[in-house]
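Undergrad: Provided herewith is a single structure, encoded as structure tokens, for subsequent inquiry.
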Amino acid sequence: QVQLVESGGGEVQTGGSLRLSCAASTPIFGGYRMAWFRQAPGKEREFVAAVGWQGLNTTEYVESVKGRFTISRDNAKKTVYLQMNSLMPEDTAVYYCAAAFGSGSISRTNSGYGYWGRGTQVTVSS
């Protein structure tokens with residue numbers, strides 16, 4: 001199992017940037033594929049971005065964040081990042097880090113990940 005702790009959330013103005021971090025407590029972090037989801041008030045949890053395990057160097061993004069957000073991982077630090085640029089009010093949500101062990105394909109659904117952080121709030125003011 002793995003514990004996930006998100007950080008880096010906050011409040012920014014439209015057009016600003018934030019970098020979210022997710023620290024994982026596992027000695028085999030490289031074996032996990034990692035993802036970010038978000039949930040706005042009154043809406044379902046939405047897939048944002050994912051990166052494969054260290055042997056599968058692929059990434060996926062929801063269309064609404066392509067060109068603005070970048071997911072990356074540092075296996076030595078056991079941390080996954082989400083760099084968010086050109087933020088818009090519609091990006092306001094609680095952002096969750098998620099993990100799944102194994103070499104399977106990247107999942108874009110909640111059920112594809114067995115481990116979740118508690119979330120970090122991102123607020124973009126207009």
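Undergrad: Please state the equivalent ellipsoid semi-axes for region 1-66: what are the square roots of 5 times the Cα gyration tensor eigenvalues, largest first, in whole Å?
TA: With the √(5λ) rule applied to region 1-66, the semi-axes are 23, 15, 13 Å.
Undergrad: Still on this structure, I have one more. So which lysines pass the test for K43, namely a Cα distance under 22 Å, with those fewer than 8 places away in the same chain ruled out?
TA: Straight-distance partners of K43: K66.
Undergrad: Take the alpha carbon atoms of region 51-120, find their radius of gyration, then divide it by 2.2 N^0.38 Å using N residues; give the quotient.
TA: 1.14
Undergrad: Only four residue types carry charge here, +1 at the Cβ of Lys and Arg and -1 at the Cβ of Asp and Glu. Report the dipole size of the chain about the Cα centre in Debye, rounded to the nearest 20.
TA: 260 debye
Undergrad: Which percent of the accessible heavy-atom area of the chain goes to carbon and sulfur, probe 1.4 angstrom?
TA: Accessible surface attributable to carbon and sulfur in the chain totals 47 percent.
Undergrad: Moving on to the next point. Give me the one-decimal nm value for the distance between modelled label points at R68 and S111, 7 Å along each residue's Cα-to-Cβ direction.
TA: According to this spin-label approximation, the distance is 3.0 nm.
The values are calculated or read from the model by the stated rules, or taken from the named source; none is laboratory data. Please read these numbers as outputs of a predicted model, since none were measured by experiment. As a convention, Cβ positions derive from the backbone with ideal geometry for all residues, glycine included, and neighbour counts pool all protein chains shown. Ligands, DNA and RNA are excluded from the accessible area calculation, which covers all protein heavy atoms including side chains. Shrake-Rupley method; radii C 1.70, N 1.55, O 1.52, S 1.80 Å.
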